[in-house]
Amino acid sequence: MPYYKRESEVLVLSAATSSPGTGWVSTTVQNAMNYARTNGLTLVLLSGIFSTGALTVDTATGGGQKFTMRAAVAGAATLRFTGGSYLFQVNGINDVSVSGVVFDGQNAAISDGSNQAGLVRFQNCTGFQLAGCRVTASTKTGVVALTGAQGMIADCAIDTCSVGVLVYNSRVDVVRNRITTCSNNGVYVWREPAGGGVEYDGSTIIDNRIDDIDTAGGGTGQNGNGIVVYRAVGVKAAGNTISNVQYSCIRFNASGAAQITGNHCISARECSVFVEATAPGLNLDGAVVSDNIIEQAGDGIKVVNLGLYSDGIARRIAISSNHIRGITKNTINDPGYSPTVSNACGIQVEGLCVLTGNMIEDAAGFGIVLGTNEATYDLLATGNLVHASVTGIGCSNNASAGRISVVGNVVSGATDGSIVPVAFNGANFYRVGSTDVANTADSQLGNVYVGNNRGY
């Protein structure tokens, strides 16, 4: 049984099994939280383990007041989950701050069966802050923000959860966290507007370290990602270090006005940075993919879907100053995944894209692919360097392909052509014929304009 004692402007809570001495009152964690809120006090948790069921901060508890809770010694006070719909939830109360506390789910079942279930939840509240905490061993999500929640999750360690952080119809800054060993996704930003389509979000995912993300929930890319953004416009993923993921380090689906900048992506089984629009009406309009370092992936950067095959449209993408190397043909035998071997392309694009200043080295397929058969229009590649890759730059020359301009690029050390026609057979990109236009004078060759390129 915990004990609390009021000291000046704080309420101190002890995990002692018997009274610590004069002035201490036996209580529950929930009652201590309510007392602190009603009296305008900060709740301070002394070092120890507090075993508890669901804890709630809402308008019906604590006089409906705001709440501040911190550990006396950061990381030394643990709230240990004994069962219920969640361990800690804030609902409808603004300006809640929690710092230095460990939330331990003990891998115990969470009774909430919804997709938004989680160990720590913030909903219908603004100005919340979860800082310097650890969230661990959740059978569902670690930290959830939903129903218009706005706030910050910063400097936390989140591990051994299904999903590390879920931002659902909310706007959250996810900053400087370490998110590891998640069975499905690291950070998931998900919008589900009442009328369908996409919706402005504005969340930021900045300077996090995300590692070891599996795909226990199955699928062909819904799980297994470091950062995945779905139907959420205006999201920024910047400065993150993401490693050892089963699908993508960063995946934006139907999420335009995107900024994907300055990330370090290491070891993605499928595609390191995937920008797509996979369903009719769920389009992706506008993105900047720049200054990323990508190493060891089945594909480097993909921008795909033009509404031709029961999908949406991804367009207006600027891809610049990325460093990409070690792109290999990786086998992916997951049910429903086709083809089962990655294409090993450094960068692949389809519609209304500009590629400039990118450096690609050691791609086992093509360094750059411009267009996928007829899924090709308004592509510009200029000032890129492709080195030591099997094939340098492939340009779709399909009879229905749109315009491509390839100007001022350098390809060195390609073993199967520098700038060549390319086609896709449903499984692989392959060079068409023996034409190589790398050192051709300025020319319009069908749908492809080339000028001032060099291949050697």
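The values are calculated or read from the model by the stated rules, or taken from the named source; none is laboratory data. Just so we're clear, the structure is a prediction, and the values are computed from it rather than from any experiment. Cβ coordinates were reconstructed from backbone atoms using ideal geometry, including for glycine residues, and neighbour counts include every protein chain displayed. For accessibility, only protein heavy atoms count, side chains too; no ligands or nucleic acids. Shrake-Rupley method; radii C 1.70, N 1.55, O 1.52, S 1.80 Å.
Set side by side, the residues ASN397, ASN373 differ, and just one is open to solvent by 20 Å² or more (accessible area, probe 1.4 Å), out of contact with any helix residue (DSSP H, G or I) (no Cβ under 6 Å at 6 or more places or on another chain) and under 23 Å from ALA254 (Cα atoms), which is ASN373. Listed conditions (1) surrounded by 24 or more Cβ atoms within 10 Å (Cβ to Cβ); (2) in contact with a Lys or Arg (Cβ under 8 Å, 6 or more places away or on another chain); (3) of a type outside the set (Asp, Glu) are all met by THR141, apart from (2). Scanning the stretch 193-222 for residues that are closer than 22 Å to GLN259 by Cβ and assigned to a loop (DSSP other than H, G, I, E, B) gives PRO193, GLY197, VAL198, ASP201, GLY202, SER203, ASP207, ASN208, GLY221. When GLY224, GLY186, GLY195 are screened for being farther than 22 Å from ALA131 by Cα and buried (at least 17 other Cβ atoms within 10 Å of the Cβ), only GLY224 passes.
Residues in the stretch 144-166 that are of a type in the set (A, V, I, L, M) and either touching a residue at least 60 places away in the same chain (Cβ under 8 Å) or open to solvent by 30 Å² or more (accessible area, probe 1.4 Å) (or both): MET152, ALA157. Taking the stretch 95-122 as the range and being within 24 Å of the chain's Cα centre (by Cα), more than 19 Å from ALA145 (Cβ to Cβ) and open to solvent by less than 20 Å² (accessible area, probe 1.4 Å) as the test, only VAL102 passes. Comparison of SER400, SER412 shows that the only residue that is hydroxyl-bearing (Ser, Thr, Tyr) and touching a Phe, Trp or Tyr at 6+ places or on another chain (Cβ under 9 Å) is SER412. The criterion of at least 3 residues that are touching a helix residue (DSSP H, G or I) at 6+ places or on another chain (Cβ under 8 Å) is met by none of the strands (runs of 3 or more DSSP E) wholly inside the stretch 72-180.
Can you work out which of the residues in the stretch 23-79 that are of a type in the set (Phe, Trp, Tyr) and more than 21 Å from GLY105 (Cα to Cα) is most open to solvent (accessible area, probe 1.4 Å)? Ranking the qualifying residues of the stretch 23-79, first place goes to TYR35.
Looking at TYR377, TYR309, just one residue is in contact with a Lys or Arg (Cβ under 7 Å, 6 or more places away or on another chain) and among the aromatic types (Phe, Trp, Tyr), and that residue is TYR377. Filtering the stretch 227-255 to residues that are of a type in the set (Ser, Thr, Tyr) and either open to solvent by 10 Å² or more (accessible area, probe 1.4 Å) or free of Cβ contacts under 8 Å to residues at least 40 places away in the same chain (or both) leaves TYR230, THR241, SER243, TYR247, SER248. Among the residues making up the stretch 274-288, those that are out of contact with any Leu (no Cβ under 9 Å at 6 or more places or on another chain) and under 25 Å from ILE332 (Cα atoms) are PHE274, THR278, ALA279.
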